[in-house]
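Visitor: Dropping a structure here in C-alpha cells format, bear with me for questions.
The values are calculated or read from the model by the stated rules, or taken from the named source; none is laboratory data. Quantities reported herein were computed from a predicted structural model and do not represent experimental measurements. Methodologically, a virtual Cβ is constructed for each residue, glycine included, from the backbone with ideal geometry; neighbour enumeration extends over all protein chains shown.
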Amino acid sequence: MPIKRFNSVDSDFNANLDKLLAFENAQDDAIDSTVAKILADIRTRKDAALIEYTNRFDKLSAASAKDLELTQDHLQRSLAALPSPQRIALEQAAERVRSYHEKQQLSSWQYTDSDDTLLGQKVTPLDRVGLYVPGGKASYPSSVLMNAIPAKVAGVKELIMVVPTPNGERSDLVLAAAAISKVDRVFTIGGAQAVGALAYGTETIPQVDKIVGPGNAYVAAAKRRVFGIVGIDMVAGPSEILVICDGKTNPDWIAMDLFSQAEHDELAQSILLSPDAAFLDQVMQSINRLLDGMPRKDVIRASLQNRGALIQVKDLDEACAIANKIAPEHLELSIDQPEHWVNKIRHAGAIFLGRYACEALGDYCAGPNHVLPTSRTARFSSPLGVYDFQKRSSLIQVSQQGAAKLGKIASVLAYGEGLQAHALSAEYRYKD
C-alpha cells in the first residue's frame with residue numbers, strides 16, 4: 001500500500017511536512033447557509049421549529065417537544081439492559097475518569113496585603129451545560145463519560161444531553177453512560193436544531209451556558225455560530241496520532257496504533273517518526289499484512305495514503321523537535337526511558353509514555369480526557385477538563401488606608417487616559 005516516506009535530511013523535507021500537515025478546515029458555504037436558517041428559525045419559533053426539524057431529519061412523529069425527552073427511568077432501563085461485561089466496563093471507565101478529574105478542581109483563594117486590602121479569586125461552576133452526543137448507528141458512550149463527568153465534578157448544577165435518534169434508533173450504551181454519568185435531562189434531538197435549542201432556549205429546553213461534545217459538519221457550523229451567546233468547548237478537526245519509536249517496539253503494535261486513528265475517517269492523520277530505517281520497513285510490512293483484516297480497511301487505506309507518513313529522523317532529539325512543530329492531538333513515545341524524552345515535548349494534547357501505553361486506552365478508560373486539541377492547536381490549548389466547566393471571579397475589598405494609596409495611583413493613570421470620571425471616582429474615596 002502506498003504511504004508517504006520522508007527523510008528529515010532531504011532538502012525538501014520541511015516543505016513536504018508542511019504540505020502533509022496542511023488541513024483546510026473550510027466551512028462549506030451551503031452547510032453554513034443551511035445552519036444559519038435553522039438557527040434563526042429555532043430562535044424565533046422555538047419548540048415549533050424544533051419539532052418540525054426533528055421530525056423531518058430524524059423521521060420521527062413527535063407531537064410536542066416533551067415527547068422528545070427521555071426520563072431517568074428510561075436511562076436506568078438502558079443501563080439494566082446492558083450485558084454484564086459492557087456495564088462493568090462502562091462503570092470501571094467512569095470511575096477512572098472521575099478519579100482523574102477530581103484532581104483538577106480549581107480552588108478559591110484570597111490574601112490581605114500590607115494596606116489591609118483583600119484580594120482573591122472565587123471559583124464557581126457553570127449553572128447549566130449542554131452535551132451533544134452523536135446518535136443513531138453511531139454509539140459513543142466514551143464521549144458521554146468524557147464530557148459529562150468533568151462537568152459534574154466541577155459542580156455544574158444541570159447537565160442536559162441531546163442525542164439524535166434517526167428512525168427512532170437509540171443506543172442503550174449511550175443512554176447507560178448518561179445514567180452512570182448522572183446526566184440530568186436527555187432529549188432525543190440532534191443537528192443544528194439541537195445546538196440552537198441549547199443556545200437560545202425553547203419553551204421546553206432551557207438555555208445553557210456552554211455546549212460541549214462532538215458532531216457532524218452541521219453541528220460544528222452551528223457551534224461556531226452560537227459562540228458568544230454560549231461558550232463552546234472547541235471546533236475539532238480530524239483525529240491525529242504521532243508515534244515516536246526507537247525501533248524496539250513490535251512493528252505490528254505500531255501499525256495497529258496508526259490504524260487506530262486512521263479508522264476514524266479519511267482525513268485522520270497517522271505519522272510515525274523513527275531513526276531506524278529498517279524498522280520503518282518492518283512497520284510498512286505490518287501495515288500491508290494487517291490492513292485487509294480490518295473491517296474499516298477502506299477508510300484506513302484512504303487516511304494513510306492521503307495524510308499518513310513514515311518519517312526517518314536523525315535521532316530522537318530531532319524527533320521531539322518535529323513533534324513540537326506538529327503539536328499532535330495524541331503523541332506516543334514508544335521508546336526506552338520515555339520519562340526522559342517527555343521533558344523535551346512542549347506541544348501535544350495527550351502524551352502516552354512507553355511501549356504499553358497505546359492511544360486507545362486514553363480514548364476509553366485510562367482516566368485523562370479524550371477531548372483534545374487538534375490541527376496544531378495543542379500549541380495554545382489543552383484537553384477538556386474540570387476547569388472548562390468552572391469560571392473565576394476576582395475579589396477586591398479595599399480598606400480606607402488602601403483607598404488612599406490605590407486611589408492616587410488610579411487617579412494619575414486615569415487622567416493619563418483622559419477618563420476624568422474614573423479619576424474622580426477614586427479621588428472621592430480619599431479626599432472626602
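Visitor: Grab the helices (runs of 4 or more DSSP H) fully contained in segment 1-85, keeping just those with 3 or more residues being charged (D, E, K, R), in contact (Cβ under 8 Å) with a residue 12 or more places away in the chain and surrounded by fewer than 14 Cβ atoms within 10 Å (Cβ to Cβ).
Guide: Helices (runs of 4 or more DSSP H) meeting the threshold: none at all.
Visitor: Can you find a residue that is free of Cβ contacts under 8 Å to residues at least 60 places away in the same chain and in a loop (DSSP other than H, G, I, E, B) anywhere in segment 221-243?
Guide: Checked segment 221-243: at least one residue is free of Cβ contacts under 8 Å to residues at least 60 places away in the same chain and in a loop (DSSP other than H, G, I, E, B).
Visitor: Could you check segment 119-139 and list, in sequence order, the residues that are at pLDDT below 95 and surrounded by 21 or more Cβ atoms within 10 Å (Cβ to Cβ)?
Guide: Listed by number, the list holds a single entry, GLY135.
Visitor: Go through segment 198-213 and give me each residue that's out of contact with any strand residue (DSSP E or B) (no Cβ under 7 Å at 6 or more places or on another chain) and either closer than 24 Å to GLY237 by Cα or assigned to a loop (DSSP other than H, G, I, E, B) (or both).
Guide: Once the filter is applied, which keeps residues that are out of contact with any strand residue (DSSP E or B) (no Cβ under 7 Å at 6 or more places or on another chain) and either closer than 24 Å to GLY237 by Cα or assigned to a loop (DSSP other than H, G, I, E, B) (or both), segment 198-213 yields GLY201, THR202, GLU203, THR204, GLN207.
Visitor: Please determine, by comparing only the residues of segment 166-192 that are in a helix (DSSP H, G or I) and not aliphatic (A, V, I, L, M), which one is nearest to LEU75 (Cα to Cα).
Guide: ASP172
Visitor: Can you find a residue in segment 394-403 that is out of contact with any Asp or Glu (no Cβ under 7 Å at 6 or more places or on another chain) and assigned to a helix (DSSP H, G or I)?
Guide: Within segment 394-403, one or more residues are out of contact with any Asp or Glu (no Cβ under 7 Å at 6 or more places or on another chain) and assigned to a helix (DSSP H, G or I).
Visitor: Taking the stated definitions as given, is LYS152 free of Cβ contacts under 8 Å to residues at least 60 places away in the same chain, surrounded by fewer than 23 Cβ atoms within 10 Å (Cβ to Cβ) and in contact with a helix residue (DSSP H, G or I) (Cβ under 9 Å, 6 or more places away or on another chain)?
Guide: Yes: the conditions hold for LYS152.
Visitor: Cβ-Cβ distance below 7 Å, separation of 6 or more or different chains: which pairs start in segment 415-429 with a residue that is over 20 Å from GLN400 (Cβ atoms) and hydroxyl-bearing (Ser, Thr, Tyr) and end on one that is surrounded by 15 or more Cβ atoms within 10 Å (Cβ to Cβ) and at pLDDT 95 or above?
Guide: If the second residue must be surrounded by 15 or more Cβ atoms within 10 Å (Cβ to Cβ) and at pLDDT 95 or above, the pairs left are TYR415/ALA423.
Visitor: Can you pull out the helices (runs of 4 or more DSSP H) entirely within segment 303-391 that have at least 2 residues that are hydrophobic (A, V, I, L, M, F, W, C)?
Guide: In segment 303-391, the matching helices (runs of 4 or more DSSP H) lie at 316-326, 359-364.
Visitor: Can you report the number of residues in segment 36-83 which are closer than 18 Å to ILE160 by Cβ and basic (Lys, Arg)?
Guide: Residues flagged as closer than 18 Å to ILE160 by Cβ and basic (Lys, Arg) within segment 36-83 amount to 3.
Visitor: Just to check your reading of the model, which residue among LEU310, LEU384 is closer than 23 Å to ASP246 by Cβ, of a type in the set (A, V, I, L, M, F, W, C) and surrounded by 20 or more Cβ atoms within 10 Å (Cβ to Cβ)?
Guide: Only one candidate qualifies: LEU310.
Residues are listed down the side, and each one gets a yes or a no for (1) over 30 Å from LEU131 (Cβ atoms); (2) at pLDDT 95 or above; (3) basic (Lys, Arg):
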{"site": "ILE345", "(1), (2), (3)": "yes, yes, no"}
{"site": "PHE352", "(1), (2), (3)": "no, yes, no"}
{"site": "LEU361", "(1), (2), (3)": "no, yes, no"}
{"site": "LEU384", "(1), (2), (3)": "no, yes, no"}
{"site": "LYS391", "(1), (2), (3)": "no, yes, yes"}
{"site": "LEU395", "(1), (2), (3)": "yes, yes, no"}
{"site": "LEU413", "(1), (2), (3)": "yes, yes, no"}
{"site": "LEU419", "(1), (2), (3)": "yes, yes, no"}
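Visitor: I need the full set of residues from segment 86-130 which are part of a strand (DSSP E or B) and over 19 Å from GLU158 (Cα atoms), in order please.
Guide: Once the filter is applied, which keeps residues that are part of a strand (DSSP E or B) and over 19 Å from GLU158 (Cα atoms), segment 86-130 yields TRP109, GLN110, TYR111, THR112, LEU118, LEU119, GLY120, GLN121, LYS122.
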